[in-house]
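This report concerns only the one structure given below.
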Amino acid sequence: MNPTLVILLQKLQPIVAISLSVILLKEKLQKHFLLWSAISLTGSIVMIAPDILELLHEEAVWHYSPEIIAILTGYGCALLAVVAWGASTVYGRKLTLKGYNSVQIMSGRFTLAFIVLTLAMAYSGETFSLSEGSFSSLFYMVLLSGLFGMFIYYKGLERIPARYGTIGELFFPVSAVAINWYAFDATLSAPQIIGAVMLVGGALMLSREPNPEPQSTQTVNAH
């Protein structure tokens, strides 16, 4: 499957983040949330429609075709990652409101992820080996894109609402799509571009929507 589609599906993250911020952080739902959410969801469906339609025309029954199973599993994992990342944004914000600093949150997140991934590798029986000279590249990748990135990410969450954190996160998929297109020739068809524009546009509007405080809070602040 096209890796660009997987990256673009991450644009659904604001829907998850805003929904959970309303439930967990008691933030007020934006006025046009349903409208922009519907546009984003429609865009995602339009974007992956060519793959789904191609699968429907396959002669093989889908659950007996390794290729179809792989594509559906890929989309399923991508959507599951969207939910996980959206939830992490909100829970990170919730922990900062409870007084935890960014180092504590980041340490807990990486420790838990390490434990889960270790158990997953042990269960799957997968092994890997590093070629000579690749360890330093892996180290710098973990340090810069992992530890440093997460550190400044949670520092930002200490100063802004969870829903605004999604705006900055949109820069990653946009840059990744550009790199895939230019360096790896992972292009999109015209319908997929239209779907991507709908998805990105809806996500950006969701992130930019004002979130007025409840009336009771405004009254208290006025006094």
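One line per residue, one yes/no per condition, for (1) aromatic (F, W, Y); (2) in contact with a Lys or Arg (Cβ under 6 Å, 6 or more places away or on another chain); (3) surrounded by 15 or more Cβ atoms within 10 Å (Cβ to Cβ); (4) modelled with pLDDT under 75:
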residue	(1), (2), (3), (4)
L144	no, no, no, no
L157	no, yes, yes, yes
I167	no, no, yes, yes
F171	yes, no, no, yes
I179	no, no, no, no
A186	no, no, yes, no
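Restricting K11, K28 to those that are surrounded by fewer than 18 Cβ atoms within 10 Å (Cβ to Cβ), assigned by TED's automatic domain parsing to the domain that holds L188 and charged (D, E, K, R) reduces the list to K28.
The values are calculated or read from the model by the stated rules, or taken from the named source; none is laboratory data. Every value quoted in this text rests on a predicted model; they were computed, and no experiment measured them. Here the Cβ is made from the backbone with ideal geometry for all residues, glycine too, and neighbour counts use every protein chain on show.
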